[in-house]
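The values are calculated or read from the model by the stated rules, or taken from the named source; none is laboratory data. Everything numeric in this text was worked out from a predicted model, so none of it was measured. Methodologically, a virtual Cβ is constructed for each residue, glycine included, from the backbone with ideal geometry; neighbour enumeration extends over all protein chains shown.
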Amino acid sequence: MSRNATLAPLPRHIAITMDGNGRWAAERGLARSAGHKAGLEPVRLCVRECARLGVEALTLFAFSSENWSRPAEEVASLMGLFLEAIDREVSDLDNRGVCLRVIGDRRVLSVRLQAQIAAAEQRTANNSGLKLQIAVSYGGRWDIVQAARTLATRCLSGELAVAAIDEDCFAAALELAGLADPDLLIRTGAERRISNFLLWNLAYTELYFCDCLWPEFDAREFAQALAFFAQRERRFGRTSAQQRGLSGPRGS
Ligand code: FPP
């Protein structure tokens, strides 16, 4: 049996809420920033594993719209970590064929970080491997509101008829436009909630919650999440009997 046999079917798109960095640091008497720094290693692991297995897309929740209200020192250290990580990792991502995109309200980020994100996106834009989305200053409600604004502007300009607005048109105005919805959401850190992540796109996503803290998330934990997904019967609102005779809306 091949190493991946028990993990089939694989999710095409995995979303991850990386929770528990602060608790991991506190347990060791360290500053919260040390937990965030330690959280970079599982990020590398997930990118490597997704690329190796042929997962099409990986979307990571790195900083929420609500995280701006954390202590200024923690926000500053996270922004510094994003700058450092993009700078340090972009060559490796490029070599692995990863296409990087940052989703979220980037206008509120520093000019330097915005420039670095734009350069990294440009450098990896034509890569055909894993599509990696990092959510920074992202909120699911913000995403829906900005999509509504985009569509309203197009209606006011006469380019789009109100009656032409449907689910596909709305999804195309969201940050994950062009990508299949996540098939699997993994959340570490023992919390069982969505916390304003991808509210529209998670409609039919399988939810996997695990107790380990994000810096502890390793290849074994990742394989367990994939094994959980492989056992799910996805019905997309149909009956089980119907689903056995049909494929899902996106072939899953
Ligand atoms: C939530 O844990 C984690 C964050 C707010 C930051 C996540 C960021 C990283 C792992 C760095 C990744 C960097 C890149 C470039 C992808 P928490 O602080 O809320 O943990 P707690 O619940 O234990 O306090």
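On the stretch given as segment 35-46, residues that are part of a helix (DSSP H, G or I) and crowded, with 21+ Cβ neighbours inside 10 Å total 4. Evaluate segment 68-80: report whether one residue or more is modelled with pLDDT of 95 or more, near the ligand (Cβ under 10 Å from one of its atoms), under 24 Å from TRP142 (Cα atoms) and part of a loop (DSSP other than H, G, I, E, B). The answer is yes; a qualifying residue exists. The residues listed here are ASP168, ASP211; of these, the one that is in a helix (DSSP H, G or I), of a type in the set (Asp, Glu) and surrounded by fewer than 17 Cβ atoms within 10 Å (Cβ to Cβ) is ASP168.
Right, PHE217: touching a Gly at 6+ places or on another chain (Cβ under 9 Å) and closer than 23 Å to ARG52 by Cβ or not? Criteria met by PHE217. Just to be sure, is SER157 crowded, with 18+ Cβ neighbours inside 10 Å and among the small types (Gly, Ala, Ser)? Considered against the rule, which asks whether it is crowded, with 18+ Cβ neighbours inside 10 Å and among the small types (Gly, Ala, Ser), SER157 comes out as no. All of ALA147, ALA115, ALA119 fail the test of being within 25 Å of LEU184 (Cα to Cα), more than 13 Å from the ligand (Cβ to nearest atom) and modelled with pLDDT of 95 or more, apart from ALA147. Cβ-Cβ distances below 6 Å connect the following pairs, each with a first residue in segment 53-79 that is touching a residue at least 12 places away in the same chain (Cβ under 8 Å) and farther than 14 Å from LEU109 by Cα, a second residue that is among the small types (Gly, Ala, Ser) and within 11 Å of the ligand (Cβ to nearest atom), and a separation of six or more residues or different chains: PHE61/ALA135. Filtering segment 195-203 for residues that are polar (S, T, N, Q), surrounded by 15 or more Cβ atoms within 10 Å (Cβ to Cβ), closer than 19 Å to THR59 by Cα and more than 16 Å from the ligand (Cβ to nearest atom) leaves a non-empty set.
Looking across segment 16-34, just one residue is more than 9 Å from the ligand (Cβ to nearest atom) and part of a strand (DSSP E or B), and that is ILE16. Of everything in segment 84-112 that is more than 18 Å from the chain's Cα centre (by Cα) and within 11 Å of the ligand (Cβ to nearest atom), the residue that is surrounded by the fewest Cβ atoms within 10 Å (Cβ to Cβ) is ARG88. No other residue among GLU175, GLU233, GLU206, GLU167 is within 16 Å of the ligand (Cβ to nearest atom) and out of contact with any Ser or Thr (no Cβ under 6 Å at 6 or more places or on another chain) apart from GLU175.
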